[in-house]
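Following: one structure in structure tokens, then a few remarks.
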Amino acid sequence: MNISVSMYSLASTIKKKNWSILDFIEYAKRISLDGVELLDFYWSSGEDKREEIDQVLKAVKKNGLVVSAYDVTNNFVKETEEERDEEVAKILNGIEVAKALETKIVRVFCGDLHGNLTYEDGQKWIVEGLKKCSKKAEEEKVFLAIENHGLLAGKSGQVKEIIEKVNSPYVGSTFDTGNFLLVHEEPQEAFDRLKRDIVHVHFKDFREKKSGEGLKGFRSTEGVELIGTVPGDGKVDLPYIVQGLKSENYRGWLSIEYEGFDDAESANEEAVNRLKTLLK
């Protein structure tokens, strides 16, 4: 297994220091990473990204890294077919960008409920959208990796059901170790259900907000406020998951995604060191 960091993990630093993707790549080299996970909203060049993609790939290779995954920020839960087709187009473009960046993983979302929409409406649109995208994914041999996120795909059973209904060897799970806590599912139980569907991992942890603490965290489905923390300082049994991945002979990426309030550069470096220890 190899270790990467999601660029999103450095969101506070990117904002504070006005980092570009190239700055993030240099940071990744400094903390001795194997790879970097990139996202669709960090490009600076607009629609025609070809020149910037070339620059980024050169920088990645120059620093002895690879791109572990490319993340698309999509949402299939839209009420018109035209809107849903736009989300399909985002992922199809994401597959092209992933190929250009020489990665085989595209992280995708499903979407979330709003208004008077039902669970059945949302799931139907998600499955339809992913089926449309899976054809190109199969042609290009790029995995569409569903991140557990929100009310429609937050729980492992929901992710499993969507994967089974899409029924493509190139649609699997981005197993986000922390997000299950937001829907009150034990990450260990989620792992046991999804372990054979995992094609990418987000290494994340949360703790419960302390009484009187001024930080604004993520609110769970039952109203519990969770604060992002360095993996190992929160509620997720990360050694269980790492050992389980070893038992499953998982050869993919462990990508750190830090969502806390401490200095992001230091927190991610500490997370990398802890993960290296777990992998020994």
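The values are calculated or read from the model by the stated rules, or taken from the named source; none is laboratory data. The structure presented is a predicted model; accordingly, all values stated were derived computationally and were not measured. Methodologically, a virtual Cβ is constructed for each residue, glycine included, from the backbone with ideal geometry; neighbour enumeration extends over all protein chains shown. When the accessible area is computed, the model is the full protein with side chains, heavy atoms only, and any ligands, DNA or RNA have been set aside. Shrake-Rupley method; radii C 1.70, N 1.55, O 1.52, S 1.80 Å.
This table checks each residue for (1) surrounded by 12 or more Cβ atoms within 10 Å (Cβ to Cβ); (2) in contact with a Phe, Trp or Tyr (Cβ under 6 Å, 6 or more places away or on another chain); (3) among the small types (G, A, S).
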{"position": "S9", "(1), (2), (3)": "yes, yes, yes"}
{"position": "D40", "(1), (2), (3)": "yes, no, no"}
{"position": "E47", "(1), (2), (3)": "no, no, no"}
{"position": "A59", "(1), (2), (3)": "yes, no, yes"}
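From the list A264, A190, the lone residue that is modelled with pLDDT of 95 or more, small (G, A, S), closer than 21 Å to A69 by Cα and more than 15 Å from the chain's Cα centre (by Cα) is A264. Return the residue satisfying two criteria in turn: it lies in region 246-271 and is part of a helix (DSSP H, G or I) and among the polar types (S, T, N, Q), and of such residues it is least open to solvent (accessible area, probe 1.4 Å). Only one residue tops the list, namely N268.
Taking V36 as the residue in question, decide whether it is open to solvent by less than 70 Å² (accessible area, probe 1.4 Å) and in a strand (DSSP E or B). Answer is yes for this residue. None of L152, L130 is at pLDDT below 95 and of a type outside the set (S, T, Y) except L152. Among the residues of region 106-120, just one is open to solvent by 60 Å² or more (accessible area, probe 1.4 Å) and either within 9 Å of F76 (Cα to Cα) or among the small types (G, A, S) (or both), namely G115. Taking region 22-33 as the range and being open to solvent by less than 50 Å² (accessible area, probe 1.4 Å) and not in a helix (DSSP H, G or I) as the test, the residues that pass are I31, L33.
Determine whether R30 is farther than 27 Å from F203 by Cβ and either in contact with a helix residue (DSSP H, G or I) (Cβ under 9 Å, 6 or more places away or on another chain) or basic (K, R) (or both). It is false that R30 is farther than 27 Å from F203 by Cβ and either in contact with a helix residue (DSSP H, G or I) (Cβ under 9 Å, 6 or more places away or on another chain) or basic (K, R) (or both). Looking across K155, K90, one residue alone is open to solvent by 40 Å² or more (accessible area, probe 1.4 Å) and either touching a Ser or Thr at 6+ places or on another chain (Cβ under 9 Å) or farther than 30 Å from P239 by Cα (or both). It is K90.
Would it be correct to say that Q123 is buried (at least 20 other Cβ atoms within 10 Å of the Cβ), assigned to a helix (DSSP H, G or I) and either free of Cβ contacts under 8 Å to residues at least 60 places away in the same chain or in contact with a Leu (Cβ under 8 Å, 6 or more places away or on another chain) (or both)? When the stated conditions are applied, Q123 passes them. In region 68-88, the residues that are closer than 15 Å to L38 by Cβ form Cβ pairs under 9 Å with partners that are exposed (fewer than 13 other Cβ atoms within 10 Å of the Cβ), at six or more places apart or across chains, as follows: D71/F41; T73/F41. Do we find a residue being open to solvent by 20 Å² or more (accessible area, probe 1.4 Å) and acidic (D, E) anywhere in region 62-80? Yes, there is a match, as at least one residue in region 62-80 is open to solvent by 20 Å² or more (accessible area, probe 1.4 Å) and acidic (D, E).
The rows are residues; the columns are (1) buried (at least 18 other Cβ atoms within 10 Å of the Cβ); (2) modelled with pLDDT under 95.
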| residue | (1), (2) |
| --- | --- |
| V201 | yes, no |
| K204 | yes, no |
| S211 | no, yes |
| L226 | yes, no |
| T229 | yes, no |
| G244 | no, no |
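Taking strands (runs of 3 or more DSSP E) as the structural unit, those lying wholly within region 133-226 and holding at least 1 residues that are on the phi < 0 side of the Ramachandran plot and in contact (Cβ under 8 Å) with a residue 60 or more places away in the chain correspond to 143-147, 171-176, 198-203. Could you tell me whether any residue of region 18-34 is under 16 Å from N268 (Cβ atoms), among the hydrophobic types (A, V, I, L, M, F, W, C) and under 16 Å from the mean Cα position of the chain (by Cα)? Checking region 18-34: not a single residue is under 16 Å from N268 (Cβ atoms), among the hydrophobic types (A, V, I, L, M, F, W, C) and under 16 Å from the mean Cα position of the chain (by Cα).
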